[in-house]
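Chemist: Sharing a structure here in structure tokens format.
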Amino acid sequence: MEAFSYTDINAPLVERCRLGDRRAQAEIYKRYSKAMFNASLRITGDYAEAEDVLQESFLSAFRELHSYKGDSSFGSWLKRIVINKSINCLRNRRLQLVPLAEQHDGAAADYDDGLGGLNSEELGWRADVVRRCVQELPDGYRVVLTLYLLEGYDHAEIAGILNITESTSKSQYSRARKKLLELARQHGL
């Protein structure tokens, strides 16, 4: 059996960026800007800040391209920059995780998602409500929920990124889910 190696499809484009090719930089920006903006918006919760983070992230990425070793995809490397800059943006706003209560939250109860038989318009409306509810979460809840649920980081990675304990990350996630369900119910879901 033959072994397959990972090849980043953007490697030639990244190499051209390293050489200062502005067209290659524009193409990289075009390929990744929307996804990176959305990742930043989910963390910062503010459109203008997410735009700023996006611009700063691309500038940093192009300046620090020599440090990209190709161990992971370029997109993963860039997303890490965007997430770190988004979190720094929140820290500048004095991000404070919601204090832990004395009791540890248990596992969330099973629930019916209630999506059976909905048409695309109803699903779109529900998705919009959920997006707004996520934005209403306190910063600490929103960041942990976003990093875990939407960006795919595990609690150990989140703890390292936010400089908190793994149990704090788990607790914040659990509380964020409960608060999100509460907000969703308040908005008619």
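The values are calculated or read from the model by the stated rules, or taken from the named source; none is laboratory data. Bear in mind the structure is a predicted one, so any value in this text is a computation, not a measurement. Cβ placement follows ideal geometry from the backbone for every residue including glycine, while neighbour counts extend to all protein chains displayed. With ligands, DNA and RNA removed, areas are computed over all heavy atoms of the protein, side chains included. Shrake-Rupley method; radii C 1.70, N 1.55, O 1.52, S 1.80 Å.
Chemist: Between residue 27 and residue 80, what is the spin-label point distance in nm, taking each point 7 Å from the Cα along the Cα→C-beta axis?
Modeler: Result: 2.5 nm between the two label points.
Chemist: Using a 1.4 Å probe on the protein heavy atoms, what percent of the accessible area of the range 1-93 belongs to carbon and sulfur? Walk me through the numbers on the way to the answer.
Modeler: Details: 2980 of 5780 Å².
After summing per-atom areas, the C and S share lands at 52 percent.
Chemist: Let me ask something else about it. Provide the FRET efficiency to the nearest 0.05 for the residue 71-residue 51 pair, computing r from the beta carbons and using R0 = 45 Å. The partial results should precede the final answer.
Modeler: Values: r = 29 Å, r/R0 = 0.65.
E(calc), rounded to 0.05, equals 0.95.
Chemist: Given labels modelled 7 Å from the Cα in the Cβ direction, how far is it in nm from residue 185 to residue 92?
Modeler: Using points 7 Å along Cα→Cβ, the separation is 3.8 nm.
Chemist: What lysines sit close enough to residue 178 to cross-link, taking a C-alpha to C-alpha distance under 25 Å and skipping anything fewer than 8 places away on the same chain?
Modeler: Qualifying lysines at Cα under 25 Å: 170.
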